[in-house]
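This report concerns only the one structure given below.
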Amino acid sequence: TTKHRILSIMITPEDEVDIHRVFHILEYDIHKNAVDHGFWDTARNDGEMIALMHSELSEALEAIRATGKSVEIGGNGEFVLMDKNCPKFSAVSIELADCIIRILDFCKAKNIKIPLILSLFFILIAGT
């Protein structure tokens, strides 16, 4: 399963995460799941896919602006709306995860090497 494959590489003997492998596994499994559930049975244009990503970000913004049921996080006075379907998590965090899922699915479908690109960014940021 995805969970077991990621957990098996999350901690190496040096206590470092192999970020490239983690993103590669996520990208592969997310896209496979989308294909297996028929999401890619019909042609998807790039604009439609970007709009779907954007809609997840818009939903995250709506959750930030929402009033009603909220909980305080960390005692810092910040209140957030909890997700209806996953009440252990904030609605914002769920919508951001949905956006990442759509991005990784799109990248795999379009052969955009996002795990490699992210790994290179991490190397540049670390300065090594």
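The values are calculated or read from the model by the stated rules, or taken from the named source; none is laboratory data. Since the model is a prediction, treat every value here as computed from it, not as a measurement. Areas reflect the complete protein model, heavy atoms only, side chains present, ligands, DNA and RNA absent. Shrake-Rupley method; radii C 1.70, N 1.55, O 1.52, S 1.80 Å.
The table that follows gives values for the structure above.
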{"read-out": "Accessible heavy-atom area order of ILE103, ILE64, ILE30, highest first, probe of 1.4 Å", "value": "ILE64, ILE103, ILE30"}
{"read-out": "Gain in span if fully extended, ARG44 to ILE117, counting 0.36 nm per residue against the direct Cα distance", "value": "23.9 nm"}
